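Here's the structure, in structure tokens; my notes come after.
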Amino acid sequence: MSQNRSASSAPVALSDEQMQVRVVWLYYMEGRTQGEIAEALSTNRLRVNKIIAEARRSGLVTITLNSRLTSCVALEQQLAAEFSLNRAIIVPTPEDEELIPVLLGQAAADYLVQLLNAGNIRGVGVGWGATLREMVRHMPSLRRPDICVNSVMGGLTHGIEINTFDIASDLARQLNAECSYLAAPIYAGSPESRTAIIRQDVFESAFRQIETNDVIVLSIGDMTERSLLMRYGLPRNINIEELLAAGACGDVLGQFVDKKGQPIDHAINRCAIAPELEALRAIPNVVFASGGLNKAQSIAAVLLSGLGNVLVCDEDTARQARELALHLRAGSGS
């Protein structure tokens, strides 16, 4: 009798399949630790660990992320691989498109903080626009007197708060950093005037500072009336229709590019008081933060240009920009 009682109280050996199913259920569904599972199933942690690993490899367990961010992460990986980006940061597109600059500004601020915390950042250049204004608003207060924040392009003459001067000074204030300006309008009156301006000592010094930046954060302009440059910055003798006829689909640093990201042949590009676009290639971190479907074509152009290595964008716009860029790259676009 004692032998029978002993036999009946012994643990029943589970088949390999039963053991697998029980282990993965307890681990993934009930949240048990490997130690708790080993004790419950009268085995050891090493075996439990092996079963969990094999369940993933064999397909017994598959993991699906139920999150709005899942598609964003997948798109980030595609963009980085297809356009040789160091990083793509994609946020869900909000129902209210007016919130796009806010969300992108916050994401750009988070990324800039990551770069600053990683060290070796001494110069930060900024352009202007609503998204960069939001980036500054979302920047935490830091103490980085070793950094110089500088504007990398001339500004609008209307003095609105999204101008390059205000963005540079406000960002420097948040970082407790030094600040320098490219104190000039975005466009000179002629290419000859630009040459004369940038040869002055103060501007030569400003351009040398820009060339030594470790990070430059820029927006991308489009060719609609929603663009601040279109509304407030174009010289009086130049209009949108003229630029469109020359092939422009958007601008970077006040210089207009075509659908393939190449500068258009127009005098306005030679009047911009900003570094030439090719100079961006020498900067270690060039971050483009822009979104909204009205900018999809111009963002696609910048992706094709290879001028930047980080893109901060909303999902709907980034997806459309990617499709446009791939279409053009394949040679089927016009």
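The values are calculated or read from the model by the stated rules, or taken from the named source; none is laboratory data. Just so it is clear, the structure is predicted and the values come from calculations on it, not from any experiment. Please note: Cβ atoms are built from the backbone with ideal geometry, for glycine as well, and neighbour counts cover all protein chains shown. Each accessible area value is taken on the protein alone, full model and side chains, heavy atoms only, with ligands, DNA and RNA left out. Shrake-Rupley method; radii C 1.70, N 1.55, O 1.52, S 1.80 Å.
Restricting to the stretch 175-201, count the residues that are out of contact with any strand residue (DSSP E or B) (no Cβ under 7 Å at 6 or more places or on another chain), of a type in the set (A, V, I, L, M) and either over 24 Å from N269 (Cα atoms) or in a helix (DSSP H, G or I) (or both).
3
Can you give me the number of residues within the stretch 231-260 that are over 16 Å from Q297 (Cα atoms), aliphatic (A, V, I, L, M) and open to solvent by less than 20 Å² (accessible area, probe 1.4 Å)?
Adding up the residues that qualify gives 1.
Can you find, within the stretch 181-194, the residue that is surrounded by the fewest Cβ atoms within 10 Å (Cβ to Cβ) among those that are closer than 9 Å to I273 by Cα and of a type outside the set (G, A, S)?
P185
Can you tell me how many residues in the stretch 261-288 are over 16 Å from C249 (Cβ atoms) and assigned to a loop (DSSP other than H, G, I, E, B)?
Qualifying residue count for the region: 7.
Here are the criteria: (1) of a type outside the set (S, T, N, Q); (2) at pLDDT 95 or above; (3) within 25 Å of the chain's Cα centre (by Cα). Tell me which single one E192 does not satisfy.
All conditions pass for E192, except number (3).
I'd like the full set of residues that are open to solvent by 80 Å² or more (accessible area, probe 1.4 Å) and in a strand (DSSP E or B), limited to the stretch 311-331.
none
Is it the case, given these coordinates, that L277 is under 20 Å from the mean Cα position of the chain (by Cα) and farther than 21 Å from E82 by Cα?
In short, yes.
Restricting to the stretch 160-180, what's the tally of residues that are open to solvent by less than 10 Å² (accessible area, probe 1.4 Å), among the small types (G, A, S) and modelled with pLDDT of 95 or more?
Final tally of qualifying residues: 1.
I need the strands (runs of 3 or more DSSP E) fully contained in the stretch 64-174, keeping only those with at least 3 residues that are not polar (S, T, N, Q).
Strands (runs of 3 or more DSSP E) meeting the threshold: 87-91, 123-126.
Could you tell me which of the residues T70, T157 is over 30 Å from I52 (Cα atoms), more than 16 Å from the chain's Cα centre (by Cα) and either surrounded by 22 or more Cβ atoms within 10 Å (Cβ to Cβ) or modelled with pLDDT under 95 (or both)?
Testing whether each residue is over 30 Å from I52 (Cα atoms), more than 16 Å from the chain's Cα centre (by Cα) and either surrounded by 22 or more Cβ atoms within 10 Å (Cβ to Cβ) or modelled with pLDDT under 95 (or both) leaves just T157.
Please specify each residue of the stretch 195-230 satisfying the condition of being open to solvent by 90 Å² or more (accessible area, probe 1.4 Å) and of a type in the set (D, E, K, R).
Selection gives R199, D201, R208, E211, E225, R226.
Out of the residues in the stretch 291-327 that are over 12 Å from the mean Cα position of the chain (by Cα) and β-branched (V, I, T), state the one that is nearest to D96 (Cα to Cα).
Step by step, filter the stretch 291-327, then rank; the result is T317.
Kindly provide the set of residues from the stretch 288-310 that are in contact with a Ser or Thr (Cβ under 9 Å, 6 or more places away or on another chain), among the polar types (S, T, N, Q) and either open to solvent by 30 Å² or more (accessible area, probe 1.4 Å) or modelled with pLDDT under 95 (or both), ordered by number.
Passing the criteria: only N294.
With respect to G291, is the statement that it is under 19 Å from S71 (Cα atoms) and assigned to a loop (DSSP other than H, G, I, E, B) true?
It is true that G291 is under 19 Å from S71 (Cα atoms) and assigned to a loop (DSSP other than H, G, I, E, B).
When the stretch 92-142 is examined, which residues are found to be crowded, with 20+ Cβ neighbours inside 10 Å, within 16 Å of C313 (Cβ to Cβ) and β-branched (V, I, T)?
T93, I100, T131
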